[in-house]
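Encoded as structure tokens, the structure appears first; notes follow it.
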Amino acid sequence: RMGLGLPTPDPKPEKFGFKLLAQDGKARRGEVSMPRGTIRTPAFMPVGTAATVKFMYPGQVRDLGADVILGNTYHLMLRPGAERIHSLGGLHKFANWKYPILTDSGGFQVMSLAKLRKMSEQGVEFKSHIDGVKHFMSPERSIEIQCQLGSDIQMQLDECTRLPASEDEIERAMQLSLRWAERCKIEFGDRPGQAMFGIVQGGDIPRLREESAQSLKDMDLKGYSIGGLAVGEPQQVMLDMLEVTCPVLPEDKPRYLMGVGTPDDLIESVSRGVDMFDCVMPTRAGRHGLAFTRYGKVNLKNARHKDDHRPLDPLSHCPAARDYSRAYLYHLVKSNEALGSMLLTWNNLAYYQELMQGMRDAIEAGRFEDHKVEVKEGWARGDI
Ligand SMILES: CNc1nc2c(CC[C@H]3O[C@@H](OC)[C@H](OC)[C@@H]3O)c3nc(N)[nH]c(=O)c3cc2[nH]1
């Protein structure tokens, strides 16, 4: 390749690693690197639960600036099956996404989607919500499935407690999740180019959050997820738990807040030290006619848009935001046309990536607090 005068690719990092590039208060700018690519943090990870980011082509997701997407063990083990994806060359090949993929362990879905569950120390027995077939998910089986999928960043199997819950219930699930983290670490073994993250639990109890974070830190894992939040608690409770949890976690490892969130959740969580996020919000809202913009939310189901020739955002680099009138988007949404979901999903993911890029730039420039005020003023000002 050298002789052909082609650019030599920058050396692919052989090992999974995290570099802290800049800090502004508690807000962090970093990079998570691995053989399949690098994740610029703070990062938003589009959710691709069933090996697809709904209504998006993989190339389109990439062009918006997404460095990594999510897959889901629970959904993929039920359909099309982990063994099948493995025999077809793994999830990256299957979904035609050659960059990093993070998979969740399935614990959250088993508790929220599956029927007839039986929990034990060993794992959880459940029936598929698709065809009623019985499955058993243990910490070992979850890691085995994630390895069959070939995901670059894997999650331990955990038990996520819904809030509100009793202190005893939260403590029991947190302790079980710690024992399962140990078993997942053993099952995962030594895979230099991949990572298995522990998941901090502990509900809305500061003592239990600190204990969970400290115990996982002592396991010396490659990254740390903060779970058990965005499960119905008020935003302030979530933010308070970040204030308790982040200071206990190691500075030199990535922190991933699971299932979060709205643009306001993202900016407030970055300012408390979170690096990575995933949420169905931008994609699911797009399918329900809701647009996220720098001017705040725009509900395209609302008749006030039916004669509005203006685009969602003339300043956006995304065609969905710039080249279509609100009147047209309103028409598509009311007519339940597929293009409505396509354009609003595209717009929303573009806005989420633009929001993260703005935060990365602001942290590097040491002006995160000012940037936070500017962004919130934009939302408050409302429509253009
Ligand atoms: C929304 N709030 C929220 N999501 C959460 C998820 C991911 C849901 C997973 O389900 C799919 O989206 C529906 C995504 O999978 C691609 C996501 O990773 C969690 N996963 C685990 N293992 N443990 C948690 O404590 C947990 C808490 C959450 N809170």
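The values are calculated or read from the model by the stated rules, or taken from the named source; none is laboratory data. Since the structure is predicted, the reported quantities are computational estimates derived from the model, not experimental observations. Neighbour counts run over all protein chains shown; Cβ positions are idealised from the backbone, glycine included.
Give the residues of region 347-384 that are buried (at least 22 other Cβ atoms within 10 Å of the Cβ) and of a type in the set (Phe, Trp, Tyr), sorted by residue number.
Residues satisfying the conditions are TYR351, TYR352, PHE368.
Check PHE108 against each of (1) more than 11 Å from the ligand (Cβ to nearest atom); (2) under 19 Å from the mean Cα position of the chain (by Cα); (3) aromatic (Phe, Trp, Tyr) and name the one condition it does not meet.
Single failed check for PHE108: (1).
What are the residue pairs meeting all of these: first residue in region 246-275, first residue at positive phi, second residue crowded, with 21+ Cβ neighbours inside 10 Å and part of a helix (DSSP H, G or I), Cβ atoms under 6 Å, and 6 or more apart or on different chains?
Final answer for the pair search is GLY273/CYS246.
Filter region 209-219 for residues that are closer than 19 Å to GLY273 by Cα and either of a type outside the set (Gly, Ala, Ser) or part of a loop (DSSP other than H, G, I, E, B) (or both) and give the result.
If the condition is that a residue be closer than 19 Å to GLY273 by Cα and either of a type outside the set (Gly, Ala, Ser) or part of a loop (DSSP other than H, G, I, E, B) (or both), then ARG209, GLU210, GLU211, GLN214, LEU216, LYS217 are the ones that fit.
Among the residues of region 256-278, what is the count of those that are away from the ligand (no atom under 14 Å from the Cβ) and either crowded, with 18+ Cβ neighbours inside 10 Å or assigned to a loop (DSSP other than H, G, I, E, B) (or both)?
Within region 256-278, the subset away from the ligand (no atom under 14 Å from the Cβ) is 263-264, 267-268, 270-273, 275.
Now drop any that are not either crowded, with 18+ Cβ neighbours inside 10 Å or assigned to a loop (DSSP other than H, G, I, E, B) (or both), which leaves 263, 267-268, 270-273, 275.
Going through region 256-278 one residue at a time, the tally reaches 8.
Looking at ILE226 and the list (1) more than 13 Å from the ligand (Cβ to nearest atom); (2) touching a residue at least 40 places away in the same chain (Cβ under 8 Å), which single condition is not satisfied?
(1)
Taking GLY198, is it within 16 Å of the ligand (Cβ to nearest atom) and touching a Gly at 6+ places or on another chain (Cβ under 7 Å)? Talk me through it step by step, then tell me what you get.
Details: within 16 Å of the ligand (Cβ to nearest atom): yes; touching a Gly at 6+ places or on another chain (Cβ under 7 Å): no.
No; evaluated as a whole, the condition is false for this residue.
Do we find that LEU242 is within 13 Å of the ligand (Cβ to nearest atom) and within 17 Å of the chain's Cα centre (by Cα) in this structure?
no
Counting only residues that are outside any helix (DSSP H, G or I) and more than 12 Å from the ligand (Cβ to nearest atom), which one in region 139-158 is surrounded by the most Cβ atoms within 10 Å (Cβ to Cβ)?
Filtering region 139-158 for residues that are outside any helix (DSSP H, G or I) and more than 12 Å from the ligand (Cβ to nearest atom), the one surrounded by the most Cβ atoms within 10 Å (Cβ to Cβ) comes out as ASP152.
Identify, by number, the condition in (1) within 16 Å of the ligand (Cβ to nearest atom); (2) of a type in the set (A, V, I, L, M, F, W, C); (3) touching a Phe, Trp or Tyr at 6+ places or on another chain (Cβ under 7 Å) that LEU116 doesn't meet.
(1)
So if I check each of ASP383, ASP370, which one is part of a helix (DSSP H, G or I) and either modelled with pLDDT under 95 or more than 18 Å from GLY296 (Cβ to Cβ) (or both)? Break it down stepwise before answering.
Details: ASP383 fails: part of a helix (DSSP H, G or I).
Unique residue meeting the criteria: ASP370.
How about region 28-72: which strands (runs of 3 or more DSSP E) wholly inside it have at least 2 residues that are in contact (Cβ under 8 Å) with a residue 24 or more places away in the chain, away from the ligand (no atom under 16 Å from the Cβ) and under 18 Å from VAL270 (Cα atoms)?
37-41
What about VAL231, is it buried (at least 22 other Cβ atoms within 10 Å of the Cβ), within 11 Å of the ligand (Cβ to nearest atom), among the β-branched types (Val, Ile, Thr) and part of a loop (DSSP other than H, G, I, E, B)?
When the stated conditions are applied, VAL231 does not pass them.
Pairs please, first residue from region 357-384 and farther than 17 Å from PHE44 by Cα, second anywhere and of a type in the set (Phe, Trp, Tyr) and outside any helix (DSSP H, G or I), Cβ atoms under 6 Å, 6+ apart in sequence or on different chains.
GLY382/TYR295; ASP383/TYR295; ILE384/TYR295
Within the set of pairs 6 or more residues apart or between chains, which connect a residue that is free of Cβ contacts under 8 Å to residues at least 60 places away in the same chain and more than 15 Å from SER142 (Cβ to Cβ) inside region 107-119 to a residue that is aliphatic (A, V, I, L, M) and within 14 Å of the ligand (Cβ to nearest atom) with Cβ atoms less than 9 Å apart?
Hits for this filter: LYS118/VAL124.
So MET281 fits all but one of (1) in contact with a strand residue (DSSP E or B) (Cβ under 6 Å, 6 or more places away or on another chain); (2) within 19 Å of PHE44 (Cβ to Cβ); what number is the exception?
Just one mismatch for MET281, condition (1).
Given the criteria part of a strand (DSSP E or B), of a type in the set (Phe, Trp, Tyr) and more than 18 Å from the chain's Cα centre (by Cα), does PHE136 qualify? Lay out the reasoning, then the answer.
Values: part of a strand (DSSP E or B): yes; of a type in the set (Phe, Trp, Tyr): yes; more than 18 Å from the chain's Cα centre (by Cα): yes.
Judged against the criteria, PHE136 is a match.
Taking region 74-105 as the region of interest, how many residues are within 10 Å of the ligand (Cβ to nearest atom), under 14 Å from the mean Cα position of the chain (by Cα) and not aliphatic (A, V, I, L, M)?
Total satisfying the criteria: 3.
How about region 176-199: which of its residues are within 20 Å of GLY228 (Cβ to Cβ) and assigned to a helix (DSSP H, G or I)?
Matches in region 176-199: LEU176, SER177, LEU178, ARG179, TRP180, ALA181, GLU182, ARG183, CYS184, LYS185.
Taking region 160-181, which residues are over 30 Å from GLY89 (Cα atoms) and within 11 Å of the ligand (Cβ to nearest atom)?
Matches in region 160-181: CYS160, THR161, ARG162, LEU163, ALA173, MET174, SER177.
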